[in-house]
């Protein structure tokens, strides 16, 4: 199973790659929206974790573009800020507030990929 991780924070990218690779996933990293779209088309991921705040493209716009191409693709919105009241993120399958404890993220990924 391949996971595309989109985040502009190098520490988050490294942490997610290490932790999710240990869980047996193939992890592809993107530092901005443009790179994320390129990898989305090239790599055909099974799941995407997507930061809401990116330097070039808003994560919500990216979510919409990805869902237009692959409506059934599970996308987890991940952010350091609480956006739960923003209805536009409801198009995603899950919403995670970033933390160094990735247990919630890992459990959500397993649930969405049917690996529980």
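Condition check ((1) at pLDDT 95 or above; (2) in contact with a strand residue (DSSP E or B) (Cβ under 8 Å, 6 or more places away or on another chain)) across all residues:
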{"residue": "4", "(1), (2)": "yes, yes"}
{"residue": "8", "(1), (2)": "no, yes"}
{"residue": "14", "(1), (2)": "yes, no"}
{"residue": "22", "(1), (2)": "yes, no"}
{"residue": "92", "(1), (2)": "no, yes"}
{"residue": "98", "(1), (2)": "no, yes"}
{"residue": "107", "(1), (2)": "no, no"}
{"residue": "115", "(1), (2)": "no, no"}
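Filter the range 1-30 down to residues that are farther than 13 Å from residue 59 by Cβ, in contact with a helix residue (DSSP H, G or I) (Cβ under 7 Å, 6 or more places away or on another chain) and without any contact (Cβ under 8 Å) to a residue 40 or more places away in the chain, then give me how many there are.
Summing the residues that are farther than 13 Å from residue 59 by Cβ, in contact with a helix residue (DSSP H, G or I) (Cβ under 7 Å, 6 or more places away or on another chain) and without any contact (Cβ under 8 Å) to a residue 40 or more places away in the chain in the range 1-30 gives 3.
Which condition breaks for residue 28 when tested against (1) surrounded by fewer than 14 Cβ atoms within 10 Å (Cβ to Cβ); (2) modelled with pLDDT of 95 or more?
(1)
The values are calculated or read from the model by the stated rules, or taken from the named source; none is laboratory data. Given the structure is predicted, the values throughout are model-derived calculations rather than measurements. Note: ideal-geometry Cβ built from the backbone for every residue, glycine included; neighbour counts use all protein chains shown.
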